[in-house]
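Structure record follows, encoded as structure tokens.
We did not get these values from a lab; they are worked out from the coordinates using the rules stated. If you're wondering where the values come from, they're calculated on a predicted model, not measured in any experiment. For neighbour counting, all protein chains shown are included, and Cβ atoms are generated from backbone atoms with ideal geometry for every residue, glycine included.
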Amino acid sequence: MEEVKQEQVEQVEVEQQEEQSEVVVDNVEESQSDCKQKRKSKVDKEKESLQQTIKQLEEQLQTLQSEKEAAEQEKQKQLSEIEKSLFKKEVGLELRAAGLSEFADFFSHFTTIEEVQSAIKNFNQLLNQKVMANSFVPANHKQTNVYDEAAKKGDVGKMLQAKLSGLFK
């Protein structure tokens, strides 16, 4: 009987140990699960925080890029204005050198200095042709003789002399 009792006691002890080990395993499993959940929640919080930081940085990047583009556009606009001003001055100098500065309005539509120089050359040729065509050309040009000069002065003696000198030639 003692053996049976001892076996029962041993069995009870084994069962208690098993229960305790199950409780410990359960506790360990619960604590591991709690740790996992805590870790997961920490990771989720950190992930959320990083995502917010990424969003903020992306917004800053977009803002900086738009500011940079605006600054580049402003620089391009200023550069374009400076180029136009320089071109106008260069055209003015070319016209002044050719003596055509009063005709500057006629040369404002050109885009390159070569075009302006070519137009100045053509314009000068046309202008010279017009000047020659409009210059004074006497219609009834007669050579003046001694008789006509004496008649203008009213010198009768010279007038007679001029007439008589023509007879003896």
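The table for this structure:
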{"quantity": "Order by protection proxy (mean Cβ within 10 Å, highest first), peptides 9-15, 146-152, 106-112", "calculated": "146-152, 106-112, 9-15"}
{"quantity": "Reachable lysines from LYS88, criterion Cα separation under 19 angstrom, eight or more residues apart if same chain", "calculated": "LYS77, LYS121"}
{"quantity": "Per DSSP, loop GluC sites (Glu not before Pro) in the stretch 28-121 with at most 14 further Cβ within 10 Å", "calculated": "none"}
{"quantity": "24 Å Cα-Cα reach of LYS163 towards lysines, excluding residues that sit fewer than 8 places from it in its own chain", "calculated": "LYS142, LYS152, LYS153"}
{"quantity": "Relative contact order of the stretch 26-169, pairs being alpha-carbon contacts under 8 Å that are 6 or more residues apart, as %", "calculated": "10"}
